[in-house]
Amino acid sequence: MAELHCHIEGAADPGLVCMLARRYGIDLGDIVRDDFYVWHDFSSFLAAYDRASTVFRSEEDFAELATDHLTRLASAGTLYAEFFISPDHAKLSGVAPEAYAAGLATGIARAREATGIEARMIVVGVRHLGVEAVERAARFAAGPGRRDITGFGLAGDERIGAHADFRKAFDIARDAGLGLTIHAGEVCGAESVRAAIDAVAPHRIGHGVRAIEDAALIAEIARRGIVLEVCPGSNLALGLYPDIASHPLKRLVAAGVKVTLGADDPPFFRTSLAAEYRLAAEAGIDAPGRLAFTRTAIEAAFVDETTRRRLIDRLMLAALSLGAPGTSQ
Ligand SMILES: [Zn+2]
């Protein structure tokens, strides 16, 4: 497996969060129950997310977070993972962007050493914090000496601000050679995907599933080879679709769109990357189809070409050793 769409604070294991909360004497109230976070609508999800994030208060805490997340993925058979990092979020807990990114990079190095998993980070600007904040995030991502930061993206409330407002931020990131991805077509419809493509010409779209509502747009996404980071478990948890049978995953694949799978904010949505692959199987994607998701993720990864070739080789070896290509990869 390989994952391109996951927010690092959203991946924080409740066990780790509770342990840090005890260490710092933070009362989390009732946001954790039975090893999952408790929320009931989008507002309470965001509130639980923000409360859980506040337990990470030092560079070392963020190192632990990244190691824990990646070790968990590696033990489930993941070769490669990218995750979103938000310097604006870290600032809320009093951690400077440099210490935040350095801690997470240390966590990546530890997980790589222990398990062989490869990983990179994508800095995201938060659109509801405004254009200035997003441009600041882009400048941070583009700064010198950013270990393992290879991409820039835009997250936050899709309904706020026009995509075109963020053109400059994406230009800063593009000029620095970073890969570009943008959340669109999740809460908002196909028109938001069209606007995102026209405004910033991203390499990948976060979610993008609602592009399915516009046949011409889907044809264009397929023709241009723009990759969709699809997170079915997240879409179901947030009520975009009532069940996996209604989810457009299979139709996107049938239309020739390049698709990868991600867990978005796994313990918040009671999911994991492995669970996303199982959901894809339930949606009727066969083993070679699921293997293709992993291959697409590696082909679309924001990594240097040497690392990409090594990952493809590892994927092919893993598929061969399983006998049946794509059984769990
Ligand atoms: Zn996301």
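Give, in nm to one decimal, the length gained when the segment between LYS91 and VAL187 is fully stretched (0.36 nm per residue of separation minus the Cα-Cα distance).
Values: separation 96, 0.36 × 96 = 34.56 nm, distance 2.63 nm.
Result for the pair: 31.9 nm of gain on full extension.
In whole percent, what relative contact order does the chain give with Cα contacts below 8 Å and a gap of six or more residues?
Working: 633 pairs, mean separation 58.8, N = 329.
It comes to 18 percent, rounded to a whole number.
List the aspartates and glutamates whose alpha-carbon lies under 20 Å from that of LYS168, not counting same-chain residues fewer than 8 positions away?
The qualifying aspartates and glutamates are ASP88, GLU132, GLU135, ASP157, GLU158, ASP198.
Report, for region 2-322, the % of DSSP beta bridges that are antiparallel, rounded to 5.
Details: 2 of 33 bridges.
The antiparallel fraction comes to roughly 5 percent.
Give the average over all directions of the projected area of the C-alpha convex hull of the chain, one decimal, in nm².
Values: hull surface 60.7 nm².
Directional mean of the projected Cα hull area for the chain stands at 15.2 nm².
What is the extension gain from GLU282 to HIS40, computed as 0.36 nm multiplied by their sequence separation minus the C-alpha to C-alpha distance, in nm to one decimal? Don't skip to the answer; put the middle values down first.
Details: separation 242, 0.36 × 242 = 87.12 nm, distance 2.52 nm.
Extra length available between GLU282 and HIS40 comes to 84.6 nm.
Of LEU217, ALA21, LEU154, which is farthest along the charge dipole of region 2-322 in the positive direction, counting Lys and Arg as +1 and Asp and Glu as -1 at C-beta?
Highest projection toward the positive end goes to LEU217.
Name the residue, out of GLY225, GLY262, GLY153, whose mean-square fluctuation peaks in a Gaussian network model built on the chain with Cα pairs under 10 Å.
GLY225
When the chain is fully extended, how far beyond the present Cα-Cα distance does ALA254 get from ALA219, taking 0.36 nm per residue of separation?
Values: separation 35, 0.36 × 35 = 12.60 nm, distance 1.10 nm.
Residue separation times 0.36 nm, minus the Cα-Cα distance, leaves 11.5 nm.
Can you divide the C-alpha Rg of region 1-90 by 2.2 N^0.38 Å and report the result to two decimal places? Could you put the intermediate results ahead of the total?
Values: Rg = 13.2 Å, N = 90, 2.2 N^0.38 = 12.2 Å.
Output field value: 1.08.
What is the distance in Å between the Cα centroid of region 153-209 and that of region 275-325?
Here the answer is 25 Å between Cα centres.
Which of the lysines could a cross-linker bridge to LYS250, judged by Cα under 22 Å and excluding same-chain residues fewer than eight apart?
Within the straight-line limit of under 22 Å, LYS250 reaches these lysines: LYS258.
Modelling each spin label as a point 7 Å along the Cα-to-Cβ direction, I'd like the ARG147/ALA245 distance in nm, to one decimal.
Those two pseudo-labels are separated by 5.0 nm.
When the chain is treated as a GNM, springs tying every alpha-carbon pair under 10 Å, which of GLY206, GLY177, GLY125 comes out with the largest mean-square fluctuation?
Looking only at GLY206, GLY177, GLY125, the largest GNM fluctuation is found for GLY177.
Before rounding to the nearest 500, sum -39500 (n - 2.57) across all DSSP H runs of length at least 4 in the chain and divide by the residue total; then give [θ] at 222 nm in deg cm²/dmol. Intermediate values should be presented prior to the final figure.
Details: 14 runs with 159 residues, N = 329.
Mean residue ellipticity at 222 nm (helix-derived): -15000 deg cm²/dmol.
How many Å² of accessible area per residue for region 2-322, probe 1.4 Å?
Numbers: 12430 Å² over 321 residues.
Averaged over the residues of region 2-322, the accessible area is 39 Å².
The values are calculated or read from the model by the stated rules, or taken from the named source; none is laboratory data. Since we're looking at a predicted model, the values are computed, not measured. With ideal geometry, Cβ positions are generated from the backbone for all residues, glycine too; neighbour counts draw on all protein chains shown. All accessible areas refer to the heavy atoms of the entire protein, side chains included, with ligands and DNA or RNA removed. Shrake-Rupley method; radii C 1.70, N 1.55, O 1.52, S 1.80 Å.
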